[in-house]
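Novice: Take a look at the following structure, please.
The values are calculated or read from the model by the stated rules, or taken from the named source; none is laboratory data. Nothing here was measured: the structure is a model prediction, and the numbers come from that model. Cβ placement follows ideal geometry from the backbone for every residue including glycine, while neighbour counts extend to all protein chains displayed.
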Amino acid sequence: MSEFSLETLQRLGLAPKSPTNTGPNNKLDQADFLMLMTKQLAQQDPFEPTDNGEMIAQMAEFSTLEGMQTLTDSFGVLARTLSQSQSLQAASLVGKDVLVPTEFSELTAGGSIAGAVDLTSSAQSVTIDVVNASGATVQQIALQDTSAGLNNFAWDGLLADGNPAPAGVYEFRASTTGGGESQAAEVYLDAEVDSVTVNEEGRLLIDVIGLGTLEFEDIRRIG
């Protein structure tokens, strides 16, 4: 039985052409597998041909690997699509107020500041001290019969004597009262989103006016 070379089979269209080598490649792809299988068939001993079961096993293994590669490519496309969709949705946040974990906020002339206190359990009352840059408490906000979770509050920008507070940065310190004990509570304040970016790892970063860059996951509420 005469032996056909791989070049002859390629000219007849019975074997894939060898890909052009554009650089080092240590992985076997579909073309490599077909080329090796064709070479095996071309050079097998006609008196001891390749066992059908072995050939079927090789084909089944190749089909499994090809299916896994297709699935991997599909997941890659899905991940990119989801990332692009998330980026487009996040871009709509620009100019909107979001609730973020911070105790500091800048008061504009005649403005107000809103936020929330996050409680792990209910409390009889919550007291929020509004502190100026000198460390003095200029106003107190009281919340009664608060429940677990976010409890909203707002400061109208007025001092304890009823006069407007000067523009500037103020700190909000929250404490709870219940069972005869007082404990500090986490404060979240509303802030305006200035821009949205995506870092090299594909994570969304939110640039908030007056606070800088925060993770998208840090946002507790939008609007």
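Novice: Does at least one position in region 148-164 carry a residue that is out of contact with any helix residue (DSSP H, G or I) (no Cβ under 8 Å at 6 or more places or on another chain), on the phi > 0 side of the Ramachandran plot, modelled with pLDDT of 95 or more and surrounded by 16 or more Cβ atoms within 10 Å (Cβ to Cβ)?
Specialist: Yes: region 148-164 contains one or more residues that are out of contact with any helix residue (DSSP H, G or I) (no Cβ under 8 Å at 6 or more places or on another chain), on the phi > 0 side of the Ramachandran plot, modelled with pLDDT of 95 or more and surrounded by 16 or more Cβ atoms within 10 Å (Cβ to Cβ).
Novice: Name the pairs whose Cβ atoms lie under 6 Å apart, with the first residue in region 145-169 and touching a residue at least 60 places away in the same chain (Cβ under 8 Å), the second among the acidic types (Asp, Glu), and 6 or more positions between them or separate chains?
Specialist: What qualifies is LEU150/ASP118; VAL169/GLU106.
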